[in-house]
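The values are calculated or read from the model by the stated rules, or taken from the named source; none is laboratory data. In this text the structure is predicted, and so the values were computed from the model without any measurement. Cβ placement follows ideal geometry from the backbone for every residue including glycine, while neighbour counts extend to all protein chains displayed.
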């Protein structure tokens, strides 16, 4: 079974996401990766990953990820949230997080928890 993971980062956290993904590229390359638009582009360019890019978060990408969770097509969600910025699409973010909680999807919001989730998913894959 191929493990699928979603990677999302707010603008101020995109550099952190690319750095984390680069550090963990060997593990991530064995997984199916979904990402919202800009984050996906940055991961392709900066970490050399094969990513299925969805729409930008505010334009429906968060909703697309929520649908994948509801359909049982995502094994994990890594969402680097910027806790210091106001989010114009806060409702979309809350909906995505609510679905991840509702469907008991492993979820990470920072580098430490992302590494723990990735390690757990990699063990499942082995």
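Read through the list (1) over 22 Å from residue 21 (Cα atoms); (2) without any contact (Cβ under 8 Å) to a residue 12 or more places away in the chain, then give the number of the only condition that residue 72 fails.
Only one criterion is unmet by residue 72, namely (2).
If residue 38 satisfies all but one of (1) outside any helix (DSSP H, G or I); (2) free of Cβ contacts under 8 Å to residues at least 60 places away in the same chain; (3) farther than 19 Å from residue 100 by Cα, what's the number of the condition it fails?
Residue 38 satisfies all of (1) outside any helix (DSSP H, G or I); (2) free of Cβ contacts under 8 Å to residues at least 60 places away in the same chain; (3) farther than 19 Å from residue 100 by Cα except (1).
Determine if the stretch 86-101 includes at least one residue that is under 22 Å from residue 22 (Cα atoms) and either within 14 Å of the chain's Cα centre (by Cα) or surrounded by fewer than 18 Cβ atoms within 10 Å (Cβ to Cβ) (or both).
Within the stretch 86-101, the subset under 22 Å from residue 22 (Cα atoms) is none.
Taking every residue of the stretch 86-101 in turn, none turns out to be under 22 Å from residue 22 (Cα atoms) and either within 14 Å of the chain's Cα centre (by Cα) or surrounded by fewer than 18 Cβ atoms within 10 Å (Cβ to Cβ) (or both).
Hey, residue 21 hits all of (1) over 19 Å from residue 104 (Cα atoms); (2) part of a helix (DSSP H, G or I); (3) over 11 Å from the mean Cα position of the chain (by Cα) but one; which does it fall short on?
(3)
Give the stretch 55-68 a look and list any residue that's at pLDDT 95 or above and in contact with a strand residue (DSSP E or B) (Cβ under 7 Å, 6 or more places away or on another chain), or say none.
Residues satisfying the conditions are 65, 68.
In the stretch 103-112, which residue that is surrounded by fewer than 18 Cβ atoms within 10 Å (Cβ to Cβ) and in contact (Cβ under 8 Å) with a residue 12 or more places away in the chain is farthest from residue 13 (Cα to Cα)? Working first, answer last.
Quick first cut of the stretch 103-112, residues surrounded by fewer than 18 Cβ atoms within 10 Å (Cβ to Cβ) only: 103-104, 109-112.
From what's left, in contact (Cβ under 8 Å) with a residue 12 or more places away in the chain: 103, 109-111.
On the way: 103: 25, 109: 10, 110: 9, 111: 10 Å.
The selected residue is 103.
Can you tell me which residues in the stretch 70-126 are part of a loop (DSSP other than H, G, I, E, B), out of contact with any helix residue (DSSP H, G or I) (no Cβ under 9 Å at 6 or more places or on another chain) and modelled with pLDDT under 90?
83, 86, 126 - these are the residues of the stretch 70-126 that are part of a loop (DSSP other than H, G, I, E, B), out of contact with any helix residue (DSSP H, G or I) (no Cβ under 9 Å at 6 or more places or on another chain) and modelled with pLDDT under 90.
Determine whether the stretch 56-66 contains at least one residue that is more than 11 Å from the chain's Cα centre (by Cα) and farther than 23 Å from residue 83 by Cα.
no
Identify the single condition in (1) touching a residue at least 40 places away in the same chain (Cβ under 8 Å); (2) under 16 Å from residue 117 (Cα atoms); (3) buried (at least 19 other Cβ atoms within 10 Å of the Cβ); (4) within 11 Å of the chain's Cα centre (by Cα) that residue 10 does not satisfy, given that it satisfies every other one.
Condition not satisfied by residue 10: (2).
Please go through the stretch 44-55 and give me each residue that is touching a helix residue (DSSP H, G or I) at 6+ places or on another chain (Cβ under 7 Å) and either under 17 Å from residue 81 (Cβ atoms) or surrounded by fewer than 17 Cβ atoms within 10 Å (Cβ to Cβ) (or both), ordered by number. Before you say what the answer is, go through the steps one by one.
We begin by selecting, within the stretch 44-55, every residue touching a helix residue (DSSP H, G or I) at 6+ places or on another chain (Cβ under 7 Å); these are 46-49, 51, 53-55.
Residues satisfying the conditions are 46, 48, 55.
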